[in-house]
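The values are calculated or read from the model by the stated rules, or taken from the named source; none is laboratory data. On a predicted model such as this, the values are computed, not experimentally measured, just so you know. Cβ placement follows ideal geometry from the backbone for every residue including glycine, while neighbour counts extend to all protein chains displayed. Just the protein is used for accessible areas: all its heavy atoms, side chains included, with ligands, DNA and RNA removed. Shrake-Rupley method; radii C 1.70, N 1.55, O 1.52, S 1.80 Å.
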Amino acid sequence: MKILHLSAVKNWGGGENQIELLCEEFKSDFPEVENLILCVKNGLFHKKLKHTDLNFQTAALSFNFDLRYSLKVVKICKEKRIDLIHIHDPKALSLVVLADKFYNLPLMVFSKKTSFPIKNREQTIYKYNYPKLKRILCVSKKTREIAAEKIKDQNRLKTIYHGISIKKQRQLSAKFKLRKELAIPEDVLIVGNIGNHIPAKDLTVFIETAEKILRQQKALKFHFVQVGQFTPDTSTFLKLLKTKKLESHISFLGFKENASTIIPQLDFLLLTSISEGVPNVIYEAFYHKTPVISTNVGGIPEIVTHMENGLLADAKEAEKLAELLLFLQENKVLISRFTENAHKKLVENFTTKQMAQQTLQEYKNVLNGRY
């Protein structure tokens, strides 16, 4: 079975990480699946793939409907005799629908990794209901529920949770030592956030939550760390730090290779998103037994159960997030209970092996004409 995976994203994020993990799992445990990744030439995903043994090719992509990418899809499908195309982002979906106008492409599946609604535009609705698009693999039940509003054939929608490779996590070692590099004393608690600087992550609320914790009248000491790709929005966050005089208490570190190795160095993971599918960083925190405090958006409540394996607050509620973090630190007996429950839930439900098994079954269903 020959699968062409399409990514038209120039940056590196959770979605690209999942393509890599899925293909590695197929290569390791499901040799009947032959994978080829097409990514954007000279993008961060391209640079990352160079250091793997995965099979990939690149295509130029200078603007949204760059025909060079679409024609490269056609070329690969002809030469490699691809059986199925797995599309991993909306831009790639547009480009492959365009490519199908030039050449009779194979059947397709699409991974919907966010809980953003499908826009109510004619062209957008058309591509998500494209006749050859036989599956939309949703990262959470919430993502599936939101997608269902614009999908005519509900049988195309399937929920497949992402996961992590436990084997890979065991092999990774931290090159960046937070306490050493940032000169953080041992008596200072480290609170971290991992996510690229996009509106969905709501890093303004991360800063506001940090401020409320840092201003608490208790003897506790904290340092806050944010890891993620800088964007044009970054300057706004840095200005906010300066305005609030928090520069010595909150560190924005930018993109870090294998950021999951930072998670075991954290005392708490704090997520302040206003929209999510399910962020990989939660799975990674579960594995490393780092307690999670998060907003209850998207698919997160399907993974994090309040007062069972983590703590949840509504989006935009900096006051509540701060309150929950301080509560957990003051009730340390809960930390071990939460993290043990989280680790168990991860191992039993959210690994790349399970993700690959379920994805392969959907490939087979599509190719055999089954719902």
Complete set of residues in the stretch 319-334 that are charged (D, E, K, R) and either more than 17 Å from residue 271 (Cβ to Cβ) or open to solvent by less than 20 Å² (accessible area, probe 1.4 Å) (or both): 330, 332
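It is to be established whether one or more residues within the stretch 82-92 are under 26 Å from the mean Cα position of the chain (by Cα), crowded, with 23+ Cβ neighbours inside 10 Å and over 20 Å from residue 360 (Cα atoms).
Yes: one or more hits.
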Within the stretch 95-117, considering residues that are in contact with a Lys or Arg (Cβ under 6 Å, 6 or more places away or on another chain) and at pLDDT 95 or above, the one farthest from residue 161 (Cα to Cα): 97
Criterion violated by residue 4 - all others in (1) open to solvent by 20 Å² or more (accessible area, probe 1.4 Å); (2) within 22 Å of residue 72 (Cβ to Cβ) satisfied: (1)
Positions within the stretch 115-134 being buried (at least 20 other Cβ atoms within 10 Å of the Cβ) and over 15 Å from residue 92 (Cα atoms), in sequence order: 115, 134
Helices (runs of 4 or more DSSP H) wholly inside the stretch 70-171 containing at least 2 residues that are farther than 27 Å from residue 297 by Cα and in contact with a strand residue (DSSP E or B) (Cβ under 6 Å, 6 or more places away or on another chain): none
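Among the residues of the stretch 248-262, which ones are surrounded by fewer than 23 Cβ atoms within 10 Å (Cβ to Cβ) and either modelled with pLDDT of 95 or more or farther than 26 Å from residue 159 by Cα (or both)? Before you say what the answer is, go through the steps one by one.
Just the residues of the stretch 248-262 that are surrounded by fewer than 23 Cβ atoms within 10 Å (Cβ to Cβ), to begin with: 248-249, 251-261.
Result: 248, 249, 251, 252, 253, 254, 255, 256, 257, 258, 259, 261.
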Matching residues, the stretch 327-349, being within 16 Å of residue 302 (Cβ to Cβ) and hydrophobic (A, V, I, L, M, F, W, C): 342, 346
Matching option when the condition is of a type in the set (A, V, I, L, M), touching a strand residue (DSSP E or B) at 6+ places or on another chain (Cβ under 8 Å) and without any contact (Cβ under 8 Å) to a residue 40 or more places away in the chain, among 304, 366: 304
Selection status of residue 203, in contact with a helix residue (DSSP H, G or I) (Cβ under 6 Å, 6 or more places away or on another chain) and at pLDDT below 95: no
Tally, over the stretch 8-41, of residues that are over 26 Å from residue 227 (Cβ atoms), open to solvent by less than 10 Å² (accessible area, probe 1.4 Å) and among the charged types (D, E, K, R): 0
Residue ID - farthest from the chain's Cα centre (by Cα), chosen from residues in the stretch 238-247 that are hydrophobic (A, V, I, L, M, F, W, C) and open to solvent by 20 Å² or more (accessible area, probe 1.4 Å): 240
Conditions (1) under 22 Å from residue 222 (Cβ atoms); (2) of a type in the set (A, V, I, L, M); (3) under 19 Å from the mean Cα position of the chain (by Cα); number of the one not met by residue 322: (3)
Counted residues, the stretch 1-54 - those being closer than 16 Å to residue 84 by Cβ and assigned to a helix (DSSP H, G or I): 4
Enumeration of residues in the stretch 239-267 that are touching an Asp or Glu at 6+ places or on another chain (Cβ under 7 Å) and in contact (Cβ under 8 Å) with a residue 40 or more places away in the chain: 260, 263
Test: residue in the stretch 43-55 that is within 29 Å of residue 353 (Cβ to Cβ), open to solvent by less than 10 Å² (accessible area, probe 1.4 Å), touching a Cys at 6+ places or on another chain (Cβ under 9 Å) and not small (Gly, Ala, Ser): yes
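Yes or no, residue by residue, for (1) under 27 Å from residue 115 (Cα atoms); (2) open to solvent by 30 Å² or more (accessible area, probe 1.4 Å); (3) over 24 Å from the mean Cα position of the chain (by Cα); (4) not β-branched (Val, Ile, Thr):
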| position | (1), (2), (3), (4) |
| --- | --- |
| 164 | yes, no, no, no |
| 169 | yes, no, no, yes |
| 173 | no, yes, no, yes |
| 176 | no, yes, no, yes |
| 181 | no, yes, yes, yes |
| 186 | no, yes, yes, yes |
| 191 | yes, no, no, no |
| 194 | yes, yes, no, no |
